[in-house]
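A.B. asks: What follows is a structure written as structure tokens; I'll ask about it next.
The values are calculated or read from the model by the stated rules, or taken from the named source; none is laboratory data. This structure is a prediction, so every number in the text was calculated from the model and none was measured. In this analysis, Cβ positions are derived from the backbone assuming ideal geometry, glycine residues included, and neighbour counts consider all displayed protein chains. These area figures cover heavy atoms from the full protein model, side chains too; ligands, DNA and RNA do not enter into them. Shrake-Rupley method; radii C 1.70, N 1.55, O 1.52, S 1.80 Å.
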Amino acid sequence: MNWLILIPGFLLGLVSSFHCVGMCGPVALLIPVNHATPRGKLRAILSYNMGRVITYVVLGSMLGLLGKRFYLAGFQQIFSIVLGAVILVILISWILNKRFFHIQPSGILFKPVQKFIAKQMNSQHPLAAFFTGMGNGLLPCGMVYFAIISALATGTMSSGALFMFAFGLGTVPLMLLLGYFGSFVNIHIREKVRVATPFFIASIGVLLILRGLNLDIPYISPFFAKMSGAVVSCH
């Protein structure tokens with residue numbers, strides 16, 4: 001198992017979960033479980049979070065597959081550097097409160113998702129919470145953007161899926177507690193995590209840039225062999 005993919009993904013998800021409490025938390029709190037038994041309530045909340053994670057895995061697979069095309073074309077170094085730079089530029093714009101990359105949740109791309117979520121939340125179907133989670137995973141979120149850029153840089157479909165699985169898994173503990181007990185996270189803890197989050201994201205961007213510099217440093221900047229597009233013919 002590739003721990004170099006799992007650990008950063010999980011840590012990014014864990015840090016992101018404090019952001020999720022404010023942004024996605026209202027959706028989790030609106031899941032109709034108030035009159036359910038404790039076991040039923042737990043089942044619905046787990047189902048909701050499982051839906052989110054599955055959506056993240058699908059996105060990771062798609063982005064990893066896209067990234068693989070760049071790697072096979074021999075652009076793995078420049079691709080990693082560009083993605084690292086993109087993360088840093090987005091982060092700086094976020095810190096400066098410049099909405100260069102902001103996507104309005106009410107935009108035409110997300111209205112069908114919002115309608116789908118609303119329909120599921122009013123449904124009595126056993127899988128309604130699961131589908132609500134899947135829909136929620138498609139809503140615009142800055143932290144998810146950072147995660148899928150990282151998944152894109154993994155260079156394979158399986159690695160992209162694994163990174164986003166770890167990311168989703170990292171968001172589950174806090175979101176699970178939020179859904180079960182309601183808003184409970186101390187404001188001072190949230191503030192400390194909010195301050196630390198940009199540094200953590202910046203480290204991911206820097207690592208991607210170092211990875212593309214081909215410095216032959218184990219784990220941090222491994223050596224990329226040049227890939228040739230020539231066809232090998234065996235007789």
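A.B. asks: Can you find, within segment 112-126, the residue that is nearest to residue 43 (Cα to Cα) among those that are of a type in the set (A, V, I, L, M) and surrounded by 14 or more Cβ atoms within 10 Å (Cβ to Cβ)? Spell out the reasoning first.
C.D. replies: Kept after step one, since they are of a type in the set (A, V, I, L, M), are these residues of segment 112-126: 113, 117-118, 121.
If we keep only those that are surrounded by 14 or more Cβ atoms within 10 Å (Cβ to Cβ) too, we end up with 113, 117, 121.
On the way: 113: 23, 117: 18, 121: 15 Å.
Per the criteria, the residue is 121.
A.B. asks: Would a scan of segment 140-155 turn up a residue that is part of a loop (DSSP other than H, G, I, E, B) and more than 23 Å from residue 73 (Cα to Cα)?
C.D. replies: First, pick out the residues of segment 140-155 that are part of a loop (DSSP other than H, G, I, E, B): 140-141, 153-155.
Applying the additional criterion that residues be more than 23 Å from residue 73 (Cα to Cα) yields 140-141.
There is at least one residue in segment 140-155 that is part of a loop (DSSP other than H, G, I, E, B) and more than 23 Å from residue 73 (Cα to Cα).
A.B. asks: Based on what the data block shows, is residue 170 open to solvent by less than 50 Å² (accessible area, probe 1.4 Å), of a type outside the set (A, V, I, L, M, F, W, C), part of a helix (DSSP H, G or I) and at pLDDT below 90?
C.D. replies: When the stated conditions are applied, residue 170 does not pass them.
A.B. asks: Could you please find all residues in segment 36-91 being open to solvent by less than 40 Å² (accessible area, probe 1.4 Å), among the β-branched types (Val, Ile, Thr) and farther than 19 Å from residue 170 by Cα?
C.D. replies: 87, 90
A.B. asks: Now a separate question. Please enumerate the residues belonging to segment 114-169 that are aromatic (Phe, Trp, Tyr) and in contact (Cβ under 8 Å) with a residue 60 or more places away in the chain.
C.D. replies: Step one: list which residues in segment 114-169 are aromatic (Phe, Trp, Tyr), which gives 116, 130-131, 145-146, 163, 165, 167.
Residues satisfying the conditions are 130, 131, 146, 163, 165, 167.
A.B. asks: Checking residue 215 against (1) under 28 Å from residue 88 (Cβ atoms); (2) at pLDDT 80 or above; (3) assigned to a loop (DSSP other than H, G, I, E, B), which single condition isn't satisfied?
C.D. replies: All conditions are met except number (2).
A.B. asks: Within segment 177-186, is even one residue surrounded by 14 or more Cβ atoms within 10 Å (Cβ to Cβ) and either modelled with pLDDT of 85 or more or aromatic (Phe, Trp, Tyr) (or both)?
C.D. replies: We begin by selecting, within segment 177-186, every residue surrounded by 14 or more Cβ atoms within 10 Å (Cβ to Cβ); these are 177-180, 185.
After this cut, where a residue has to be either modelled with pLDDT of 85 or more or aromatic (Phe, Trp, Tyr) (or both) as well, the list is 180.
The answer is yes; a qualifying residue exists.
A.B. asks: Right, another one. So, residue 71, is that one at pLDDT 85 or above and of a type in the set (Phe, Trp, Tyr) or not? Break it down stepwise before answering.
C.D. replies: Numbers: at pLDDT 85 or above: no; of a type in the set (Phe, Trp, Tyr): yes.
Taking the combined requirement at face value, the residue does not satisfy it.
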